[in-house]
Amino acid sequence: AARWGSLSPRFDKAVGDIYSAPSIPPFETVQTFLERNPDIARWKDEMALRQADVSHARARGIPDASLSVGARRVPELNETSLVAGVSIPLPLFDRNQGRIKETRYRLKQGEEQRQAATVLANTILVDAFQRLSSASTEVSILRDNVLPAARENFAATHEGYREGKFDLLSVLDAQRTFFEVANQYIDVLEIYHDARA
């Protein structure tokens with residue numbers, strides 16, 4: 001259940017074939033899925049937000065001009081005149097430089113954190129892929145060579161015992177070896193499926 005982010009399973013039983021061990025794709029193919037990792041994908045939106053903060057801080061450093069229009073009554077002349085004015089503050093002391101520096105720092109910090117998240121996820125992926133590759137190789141060797149040889153040895157020893165060529169201790173030793181190899185094969189299959197997941 002932890003594989004899909006749950007605290008408890010939402011099923012009654014799990015069904016599968018532990019002996020199925022499909023070939024693994026090339027590392028480059030698996031690595032293309034890394035951008036979809038939530039620890040990396042979240043940085044796309046985070047970086048856009050931080051870039052917007054920088055743009056907003058820059059815009060706040062440019063003073064806003066204000067335009068005023070109004071009417072003025074001059075009682076002595078018994079006239080009304082139109083009055084217009086433009087006001088442009090001079091940013092001599094506060095050009096929002098502190099906030100601009102802060103947002104640039106946060107943007108740079110975000111780039112470094114994104115890079116660190118990418119490196120960490122890639123390291124975890126490389127480690128898992130190496131475990132999978134190693135387990136896949138071991139599964140193939142055990143399945144194709146070691147297990148058949150141990151099974152054949154056990155069968156031959158058992159047949160030889162029935163014909164009187166071997167004693168019971170030899171049969172039990174061959175049987176123990178066969179069972180150990182079969183258990184080792186199951187253990188390696190478990191490692192393979194865990195690394196694949």
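The values are calculated or read from the model by the stated rules, or taken from the named source; none is laboratory data. All figures in this text were calculated on a predicted structure; none of them were measured in a lab. As a convention, Cβ positions derive from the backbone with ideal geometry for all residues, glycine included, and neighbour counts pool all protein chains shown. Heavy atoms of the whole protein, side chains included, go into the accessibility calculation; ligands, DNA and RNA do not. Shrake-Rupley method; radii C 1.70, N 1.55, O 1.52, S 1.80 Å.
Give me the residue from the range 31-74 that is more than 16 Å from the chain's Cα centre (by Cα) and of a type in the set (S, T, N, Q) and, out of that set, farthest from residue 103 (Cα to Cα).
68
Every residue, every condition in (1) over 30 Å from residue 185 (Cα atoms); (2) of a type outside the set (Gly, Ala, Ser), yes or no:
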position	(1), (2)
21	no, no
55	yes, no
82	yes, yes
101	yes, yes
112	yes, yes
115	yes, yes
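Specify the residue that is farthest from residue 111 (Cα to Cα); the eligible residues are those in the range 19-77 that are of a type in the set (Gly, Ala, Ser), at pLDDT 85 or above and in a helix (DSSP H, G or I).
Within the range 19-77, the match that is farthest from residue 111 (Cα to Cα) is 55.
Does the range 19-34 contain at least one residue that is farther than 28 Å from residue 118 by Cβ and in contact (Cβ under 8 Å) with a residue 12 or more places away in the chain?
Yes, the conditions are met somewhere in the range 19-34.
Just give me the residues in the range 14-56 being surrounded by 10 or more Cβ atoms within 10 Å (Cβ to Cβ), touching a helix residue (DSSP H, G or I) at 6+ places or on another chain (Cβ under 8 Å) and among the polar types (S, T, N, Q), in sequence order.
Residues satisfying the conditions are 31, 37, 51.
Considering the range 159-173 alone, what residues qualify as being surrounded by fewer than 16 Cβ atoms within 10 Å (Cβ to Cβ), part of a helix (DSSP H, G or I) and not basic (Lys, Arg)?
Within the range 159-173, 159, 160, 168, 169, 170, 172, 173 qualify.
So residue 88 passes all but one of these: (1) touching a residue at least 24 places away in the same chain (Cβ under 8 Å); (2) in contact with an Asp or Glu (Cβ under 8 Å, 6 or more places away or on another chain); (3) loosely packed, with under 11 Cβ neighbours inside 10 Å. Which condition number does it fail?
Only one criterion is unmet by residue 88, namely (2).
Would you confirm whether any residue within the range 120-141 is within 30 Å of residue 195 (Cβ to Cβ), loosely packed, with under 12 Cβ neighbours inside 10 Å and under 29 Å from the mean Cα position of the chain (by Cα)?
yes
For residue 121, are the conditions met, namely being part of a helix (DSSP H, G or I) and farther than 30 Å from residue 35 by Cα?
Against the criterion (part of a helix (DSSP H, G or I) and farther than 30 Å from residue 35 by Cα), residue 121 does not qualify.
From the list 104, 114, 196, 176, which one is open to solvent by 90 Å² or more (accessible area, probe 1.4 Å) and either among the hydrophobic types (A, V, I, L, M, F, W, C) or free of Cβ contacts under 8 Å to residues at least 40 places away in the same chain (or both)?
On inspection, the qualifying residue turns out to be 176.
Scan the range 12-34 and tell me whether some residue there is polar (S, T, N, Q) and over 30 Å from residue 126 (Cβ atoms).
no
In the range 78-106, what residues are on the phi > 0 side of the Ramachandran plot and either in a helix (DSSP H, G or I) or modelled with pLDDT of 75 or more (or both)?
Of the range 78-106, the ones on the phi > 0 side of the Ramachandran plot are 78, 96.
Within the range 78-106, 78 is the sole residue that qualifies.
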